[in-house]
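What follows is one structure encoded as structure tokens, with my remarks underneath.
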Amino acid sequence: MGLTLSPAARAALLAHAEAGYPHEVVGILAGSRADGVVERVAALVNERADSPANRYQVGPLALARAEAGLEAEGLEIVGYYHSHPDHPSRYSDFDRDHALPAMSYVIVSVVSGRAASLQSWRLRDDRSAMDEETLHPSAP
Amino acid sequence: MNVTILIPTALRSFVGGQSSVLVHAVTAGAALDELVSAHPALAQHLRTPEGKLRSFVNVYKGDEDIRHLQKEATPLVAGDILTIVPSIAGGAR
């Protein structure tokens with residue numbers, strides 16, 4: 001099915017990733033799960049203060065609170081995004097080890113402060129790998 | 001003891017799309033084991049091959065993380081609600 005980012009969601013995601021450089025940023029992709037459409041992104045606070053350039057983490061209470069707010073607006077949680085500063089937008093083994101099933105994981109590579117590439121990944125049911133999913137251009 | 005487990009969005013497709021599952025158990029660990037035995041595809045997402053809860057799986061009894069209670073030995077009484085709350089983590093290298 002792939003994933004479609006609304007123009008506003010895509011712009012907000014890229015701006016967040018560039019503003020956070022050289023640290024990793026993280027946030028929620030919200031919209032319609034059935035349609036694979038992201039209408040809104042919600043920035044979260046990266047709690048990995050010890051290693052923010054190559055790790056992110058958001059604890060259960062902060063995540064649950066943010067997700068409940070989005071769901072109260074009628075949005076569904078489609079997945080999550082994070083940035084890889086000066087690193088490709090391919091998932092790492094660490095990303096795979098910590099991935100939730102049935103969610104899209106958008107990774108944006110930020111090179112020297114500018115967003116360079118964007119890919120979306122989904123965990124296989126057997127957790128052995130993540131498969132790339134098509135990022136569709138959205139209608140304006 | 002009848003106990004309700006609330007299932008997060010990410011795991012619902014492994015329990016037939018339900019947002020909650022009723023189990024009969026006297027500890028949190030036994031409740032999770034019953035959940036997994038009824039829905040085996042969930043097993044690898046809840047626990048590591050060594051049997052530990054995965055890092056992103058947080059289990060709350062009411063408002064309290066069972067890590068701060070008696071972990072998987074946390075006792076349950078009828079009507080208790082267990083909530084599986086994900087956290088997220090990752091990173092480039």
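Please treat every number below as a calculation from the coordinates, not as lab data. Being a predicted model, the structure only gives us computed values, none of them experimental. Cβ coordinates were reconstructed from backbone atoms using ideal geometry, including for glycine residues, and neighbour counts include every protein chain displayed.
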Query raised in the report: Using every alpha carbon pair in region A:1-89, what percent of pairs falls into each 5 Å bin from 0 up to the bin containing the largest distance?
Result: 3, 15, 24, 23, 20, 12, 3, 0
Query raised in the report: Considering only chain B, what is the antiparallel percent among its DSSP beta bridges, to the nearest 5?
Result: 80 percent
Query raised in the report: Per the helix-only calculation at 222 nm, which mean residue ellipticity applies to chain A, given -39500 (n - 2.57) for every DSSP H run of n ≥ 4 and division by its residues, nearest 500 deg cm²/dmol?
Result: -7000 deg cm²/dmol
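Taking a quarter of the surface of the Cα convex hull of region B:1-91, what do you get in nm²? Walk me through the numbers on the way to the answer.
Working: hull surface 23.3 nm².
Computing the convex hull of the Cα atoms and averaging its projections yields 5.8 nm².
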Report summary line: Scalar couplings 3J(HN,Hα) for region A:78-95 by Karplus 6.51 cos²θ - 1.76 cosθ + 1.60 (θ = phi - 60°), nearest whole Hz, x for Gly and Pro, are 8, x, 9, 10, 8, 10, 10, x, 6, 7, x, 8, 7, 5, 9, 4, 5, 4
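For chain A, give me the percentage of DSSP beta bridges that are antiparallel, rounded to the nearest 5 percent.
Details: 25 of 36 bridges.
In chain A, DSSP labels about 70 percent of beta bridges as antiparallel.
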Query - Per-residue HN-Hα couplings for region A:49-54 [Karplus 6.51, -1.76, 1.60; θ = phi - 60°; Hz; x = Gly/Pro] - result: 5, 6, 8, x, 7, 9
Report summary line: Residues of region B:1-30 with backbone N under 19 Å of the label point set 7 Å from the Cα of B:HIS68 along Cα→Cβ are B:28-29
Report task. Search the structure for amide H atoms under 5 Å from the amide H of B:SER20, placed 1.01 Å from N in the peptide plane, and list their residues when 5 or more places away or on another chain. Result -> B:ILE7
Report task. With just the Cα atoms of the protein assembly as shown, tell me how far they stretch along each of the three principal axes, in Å, largest first. Result -> 55, 37, 31
Requested in this report: Rounded to whole Hz and in sequence order, give me ³J(HN,Hα) for region B:74-81 from the Karplus expression 6.51 cos²θ - 1.76 cosθ + 1.60, θ = phi - 60°, writing x for Gly and Pro.
Outcome: 3, x, 10, 10, 4, x, 4, 10
Report summary line: Taking every alpha carbon pair in region A:72-126 and sorting the distances into 5 angstrom bins from 0 up to the bin holding the longest one, the percent per bin comes out as 5, 20, 26, 20, 14, 10, 5, 1
Report task. Treating the angle as unsigned and between 0 and 90°, give the value, to the nearest 10°, between the Cα long axis of helix B:28-38 and the longest Cα principal axis of chain B. Result -> 80 degrees
